[in-house]
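Notes to accompany the following structure.
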Amino acid sequence: MAEQHIILGVTGGIAAYKTPELVRRLRDRGAAVQVVMTRSAGEFVTETTLQAVSGRPVRSNLWDRDAEAAMGHIELARWADLVLIAPATAEILSRLAAGAAADLLTTLCLATEAPLVIAPAMNHVMWANPAVQANLRLLEQRGVSILGPDSGEQACGETGVGRMVEPEAIAASVTGPKAVAGTEPPALAGRRIMITAGPTREALDPVRYLSNRSSGKMGFALAQAAADAGAEVVLVCGPVDRQTPPNVQRIDVESARDMFAATHENIEGTDIFIAAAAVADYSAATVQDHKIKKDHAEMSIELTRTPDILASVAKQEDGPFTVGFAAETEDLRKYARAKLARKGLDMIIANQVGESRGFDSDNNTVDVYWEGGDQSFPTSAKTRLAVDLIRLIAERYAARAAGSNDRIAAVASGD
């Protein structure tokens, strides 16, 4: 595999102290790292430190004559396979959204054709500011990938969403499976995983539909984490405007019936099936050919059940290890355990949804259940949570496979 060239942009936030560790993690995964610092980043971490861990002179000045003579900023922009900004402050988000080129880092971002990934880090009040959120939405619309932030205690002593995602999780998100001589292969190497993500839309007429608040963030994060773990990943997703993770095969669908069909057309050879999509339970019994007119004070629509994708996969003979999701507003454990048993699942991931929780949020809190066990995961960024969930799924899948092999051996021996 060719060496991945990563430009690491370091901006002036307290989380910059984590960047030497991030450089080390990226290099452990086989990447060549060129650090580019903003002027304010030097208040938190030194060029000497970053040069030592990266093995390359740090770039910080757009007007550095020596650097421009050796490798001009255009050549550096062409060298990059990926540009990663971590930490990304509110200031750099504003500059990127505006298309500014005030320094070397922002100039590189404009001059490169490489994908851009940012890991925001700032005070939780700054993160929630409408201007910051507007800049993020604009950048996402332009294809920029956002990692995090996490939730927790911050350097200012307050607690909330705004911590930079940890270096290992960032490195796992932007590089391929870690491959170091003498180590074991990635946990899911050689396995095929199918993941459903996002909402479905059930048409009422040519302009209206029934749907839900799912953003697809959790499903896409799981797809990325599974690919990072070495799996061949097929992502069947409803209508969402999200960038496809690297090394993931994407299949776009609209309705629950479309998702059912796409799932079963591609399920053959699948080892693990993760149903993260929020599939509509009902669709209109009759879809009107023309727009429904507002002619009456009241109206009713007859609904019919949509096909149960998760149950249909779980009941397959010699089918895949099947993981469901349960989004509930109350009695989470009760409903999740009931769904696990009713649909014959191997595992279920349950999360509370409602105001600022679950759907369309960058963070999530989940409880995972399987026969004879459970595990809780505290609130964290969906990108980081996905890595932990894929690790647990891989462990449970391996345990099931080992149990099956033991039973086969017992039958063969006559025990």
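The values are calculated or read from the model by the stated rules, or taken from the named source; none is laboratory data. A quick note: this is a predicted structure, and the numbers were derived from the prediction, not measured. In this analysis, Cβ positions are derived from the backbone assuming ideal geometry, glycine residues included, and neighbour counts consider all displayed protein chains.
Summary of values
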| read-out | value |
| --- | --- |
| Single condition D271 does not satisfy, out of (1) among the charged types (D, E, K, R); (2) in contact with a strand residue (DSSP E or B) (Cβ under 9 Å, 6 or more places away or on another chain); (3) surrounded by fewer than 16 Cβ atoms within 10 Å (Cβ to Cβ) | (3) |
| Those residues of the range 217-237 which are without any contact (Cβ under 8 Å) to a residue 60 or more places away in the chain and out of contact with any Asp or Glu (no Cβ under 7 Å at 6 or more places or on another chain), in sequence order | G219, F220, A223, A227, G230, A231, E232, V233, V234, L235, V236 |
| Enumeration of residues in the range 12-27 that are in a loop (DSSP other than H, G, I, E, B) and over 16 Å from G148 (Cα atoms) | G12 |
| S312 over 25 Å from T263 (Cβ atoms), of a type outside the set (V, I, T) and in the same structural domain as G198 (by TED's automatic domain parsing) | no |
| Test for V323: is it within 25 Å of S151 (Cα to Cα), in the same structural domain as C237 (by TED's automatic domain parsing) and either without any contact (Cβ under 8 Å) to a residue 24 or more places away in the chain or not in a helix (DSSP H, G or I) (or both) | no |
| Every residue from the range 21-52 that is surrounded by fewer than 19 Cβ atoms within 10 Å (Cβ to Cβ) and not charged (D, E, K, R) | G30, A32, S40, G42, F44, T46, T48, T49, Q51, A52 |
| Inter-residue pairs, beta-carbon under 6 Å, first free of Cβ contacts under 8 Å to residues at least 24 places away in the same chain and within 30 Å of A261 (Cα to Cα) and in the range 290-308, second among the hydrophobic types (A, V, I, L, M, F, W, C) and assigned to a loop (DSSP other than H, G, I, E, B), 6+ apart | E302/A285; T304/A285 |
| Answer from V248, V240, V207, V236 - the residue that is closer than 22 Å to S283 by Cα and crowded, with 18+ Cβ neighbours inside 10 Å | V236 |
| Single residue of the range 362-387 satisfying the filter (among the β-branched types (V, I, T) and not in a strand (DSSP E or B)) that is surrounded by the fewest Cβ atoms within 10 Å (Cβ to Cβ) | V387 |
| Hits in the range 247-294 - residues which are among the basic types (K, R) and assigned to a strand (DSSP E or B) | R250 |
| Extreme residue, modelled with the lowest pLDDT, among residues of the range 176-204 that are surrounded by 19 or more Cβ atoms within 10 Å (Cβ to Cβ) and among the aliphatic types (A, V, I, L, M) | A187 |
| Only one of S151, S173 that is over 26 Å from Q4 (Cβ atoms), modelled with pLDDT under 85 and surrounded by 16 or more Cβ atoms within 10 Å (Cβ to Cβ) | S151 |
| Search result, residues across the range 104-126 that are within 19 Å of T379 (Cβ to Cβ) and crowded, with 22+ Cβ neighbours inside 10 Å | A119, P120, A121, M122 |
| Positions within the range 192-230 being in a loop (DSSP other than H, G, I, E, B) and either farther than 30 Å from T175 by Cβ or of a type in the set (K, R) (or both), in sequence order | T200, R201, L204, D205, P206, V207, R208, S211, N212, R213 |
